[in-house]
Amino acid sequence: MFGKDKKPKKPKSKARKIIDWVVTGIFATLLVGVGVLQIVNKTSKNQNVFGPQFQKVLTDSMSPVYKVNDIIVVEKTSVEDLYKRVNEKHQEVDVSFYWMVNGQKSSMTHRLISVTYSETPFTDPATLQECHYQFVAHGINKQSEWCKGSGGYYDCTNQTQTFGETALIGRVSRKSGFMTFATSIWGLLVLLLLPCTYLIVASGIDIYKALKESEDEEAAAKGGNVVGEASETGAEPKNGDPLAGLSKEEKERLKKQMLDEMLGKKD
């Protein structure tokens with residue numbers, strides 16, 4: 001039989017499959033993560049992601065520890081823990097809390113000065129709920145553009161906020177450099193554009209290979225030796241040409257053989 005066998009498709013290598021899986025997984029994770037962070041970036045509202053909250057720093061009152069547009073990680077903590085950190089361990093503790101700004105409740109991040117407990121309850125100004133723990137906090141930047149005072153004095157340590165436990169959001173555990181970068185323009189370009197470009201290029205290569213294999217199969221089907229196929233099955237060739245698929249030499253030899261038979265000659 002002179003017919004050409006169908007060429008099997010070459011599967012992706014194991015390394016290529018692993019790369020595709022990894023890139024796709026990273027891309028999907030980043031897409032969700034960056035989407036959440038963009039909500040933080042645009043709305044400046046607290047967003048829970050697997051427990052902690054991510055907040056965007058809007059002012060320079062905590063500079064240089066937290067700069068404007070930094071993303072900080074705020075974790076829930078008990079008032080008892082904060083009481084011990086400040087009064088017993090004498091630690092510097094930064095907390096996020098609700099505070100009234102221009103008549104609207106907003107989140108603020110400052111450093112605690114003191115934590116006290118009182119049997120007599122007081123009303124928190126932001127939540128309007130009764131509280132027993134009193135927190136006093138302020139910013140740390142002494143050359144701020146935000147903490148305006150009389151005579152153009154910009155010292156955030158002179159401005160304090162007093163609030164209760166109902167206004168407490170949590171303790172600032174760290175600044176997230178990765179998420180700060182991810183919410184920037186360059187972060188979006190690197191974290192989304194590069195994986196997306198890889199997936200597009202890889203898909204384009206796969207589509208090209210699939211089209212190329214399809215064209216090769218069609219060419220092989222048209223140029224195959226259908227005479228051999230017809231002789232085995234007893235069916236007529238599909239294209240109606242009994243000499244299709246034969247080389248020029250084979251055609252000449254077949255013609256000579258048929259002519260010799262017609263003239264009664266022997267091979």
Next on the checklist: What's the number of the only condition in (1) exposed (fewer than 12 other Cβ atoms within 10 Å of the Cβ); (2) at pLDDT 90 or above that T43 fails to meet?
Outcome noted: (2)
Checklist entry - On the given criteria, is S96 more than 15 Å from Q159 (Cα to Cα) and modelled with pLDDT of 95 or more? => result yes
Next on the checklist: Would you confirm, using the coordinates I've provided, whether L199 is touching a helix residue (DSSP H, G or I) at 6+ places or on another chain (Cβ under 8 Å) and either part of a helix (DSSP H, G or I) or at pLDDT below 75 (or both)?
Outcome noted: yes
Checklist entry - Tell me, which residue of the stretch 189-205 that is more than 20 Å from M179 (Cβ to Cβ) and in contact (Cβ under 8 Å) with a residue 24 or more places away in the chain is farthest from the chain's Cα centre (by Cα)? => result A202
Next on the checklist: Considering only the stretch 166-182, I want to know if a residue exists there that is under 33 Å from the mean Cα position of the chain (by Cα) and over 20 Å from D94 (Cβ atoms).
Outcome noted: yes
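A quick yes/no check of all residues on (1) part of a strand (DSSP E or B); (2) among the β-branched types (V, I, T):
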position	(1), (2)
S106	yes, no
T116	yes, yes
E119	yes, no
P125	no, no
L128	no, no
C131	yes, no
A137	yes, no
I140	no, yes
Q143	no, no
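Could we say that A220 is surrounded by 13 or more Cβ atoms within 10 Å (Cβ to Cβ) and modelled with pLDDT under 75 here?
Criteria met by A220.
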Checklist entry - Which one of E249, E236 is exposed (fewer than 14 other Cβ atoms within 10 Å of the Cβ), at pLDDT 75 or above and of a type in the set (D, E)? => result E249
Checklist entry - Can you tell me which of E80, E92 is under 35 Å from the mean Cα position of the chain (by Cα), among the acidic types (D, E), exposed (fewer than 14 other Cβ atoms within 10 Å of the Cβ) and outside any strand (DSSP E or B)? => result E92
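The values are calculated or read from the model by the stated rules, or taken from the named source; none is laboratory data. Quick caveat: nothing in here was measured; it's all calculated off a predicted structure. Every residue, glycine as well, gets a Cβ built from its backbone with ideal geometry; the counts of neighbours run over all protein chains shown.
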